[in-house]
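Here is the structure we will look at.
The values are calculated or read from the model by the stated rules, or taken from the named source; none is laboratory data. Because the structure is a prediction, the values reported are computed rather than measured. Glycine gets a Cβ as well: all are built from the backbone with ideal geometry, and neighbour counts include every protein chain shown. Heads up: the accessible areas ignore ligands, DNA and RNA and are worked out on the full protein's heavy atoms, side chains in. Shrake-Rupley method; radii C 1.70, N 1.55, O 1.52, S 1.80 Å.
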Amino acid sequence: MRILLVEDDKLHLSYLKEQVTSTFDSVRQLVCASTGSEAEALARSENISAIVMDLRMKERNGVDAARVIWRERPHTRILFWSNYADEAYLRGISRIVPDQSAYGYVLKTASPERLALAMRAVLGEGQILIDREVHSLNSFGQRRKDALTEVELAILNDIALGLPDKFVALRHGLSLRTVQNRLMDLYDKLSQQDDLFDRLGTEPNKRNRAVATAVKLGFITSETLETTEKDLAAWADQRTIENS
C-alpha cells in the first residue's frame, strides 16, 4: 500500500507517519505533501489511492484538493483529519465525494486507537467512517429545528460574500421571491436574543446578524467562503461568455 500524507505542520506530520507505519504492515511507501496543490500533483504523478488529508492548510484547503483528486481518480480513499467538527466542513465534503469512494473524518484530538481504527476502515477496507464525536455533533445539528438546508446554506454563503438577492436568485435558478422567503426563514433560524441590541435600544441588521451567527455556529467557515467565491467567479465568467 502507498499512502499520501497531507499536512503542513511538521509535528502533526511526524505523528501521522508513526501512526500509519504502526497501523499498516503492508505500507510500501509514504509520500508527503504540505499543501493541497502539492497533494493533487503527487496523487496524480505517484498514482496514489489512499490519502490522509489535513482539512485546513495555508495554501489550498483539503476540501478543494479532494475535489480535484476525486474528479481525476474517483476511487481514491481519503481520510480527513481536522481540529474542527463544524457542520460546514462535513457538508462540504458530502457534496463532493463520489458515490464509489470511501472517505472518513476524524478529529486530531482522537486517541491513537481511534485514529488507527479510522485509517484501517477507510484506507484499508474502503469503508465510510465519521469519528463518533463529529458524528454525534453533526447528527444533533441535523435534528435541531434551526438546522439549515443545502439551499439555505448556499444562499447564506452568497450573502456573506455580499451578493444581492437578484444575483443569488439568478445563480441558483430561483425566483427573487423564493430567495427572499428563504432569507426570512434563515433570519428566523439564526435569530438570537440580542441583549446587547436591547441595551442599545435598536434592532440589528438581520442580514448581517444572520451571517455573524452562522459563523459562530460553524455553518460558515473561511474554506466554504473561499470555495463559494471560486464558484461565483466561474459562474460570472460563464455569464460573460453567454452574453458576449
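Things worth noting here:
- Single condition A210 does not satisfy, out of (1) touching a Lys or Arg at 6+ places or on another chain (Cβ under 9 Å); (2) of a type outside the set (D, E, K, R); (3) touching a residue at least 60 places away in the same chain (Cβ under 8 Å): (3)
- Single unsatisfied condition, E7 versus (1) within 28 Å of T213 (Cα to Cα); (2) at pLDDT 90 or above; (3) of a type in the set (D, E): (1)
- The residue of region 90-113 that is modelled with the lowest pLDDT, among those that are among the hydroxyl-bearing types (S, T, Y) and in contact with a helix residue (DSSP H, G or I) (Cβ under 7 Å, 6 or more places away or on another chain), is S101.
- Scanning region 20-42 for residues that are more than 19 Å from M57 (Cβ to Cβ) and either in contact (Cβ under 8 Å) with a residue 40 or more places away in the chain or in a helix (DSSP H, G or I) (or both) yields T21, S22, T23, F24.
- So A116, is it modelled with pLDDT of 85 or more and either farther than 27 Å from M53 by Cα or not aromatic (F, W, Y) (or both): yes
- Region 190-244, residues that are open to solvent by less than 80 Å² (accessible area, probe 1.4 Å), charged (D, E, K, R) and more than 25 Å from the chain's Cα centre (by Cα): D194, R239
- Region 25-37 - residue that is under 19 Å from the mean Cα position of the chain (by Cα) and either surrounded by fewer than 23 Cβ atoms within 10 Å (Cβ to Cβ) or β-branched (V, I, T) (or both) and, of those, nearest to K10 (Cα to Cα): S34
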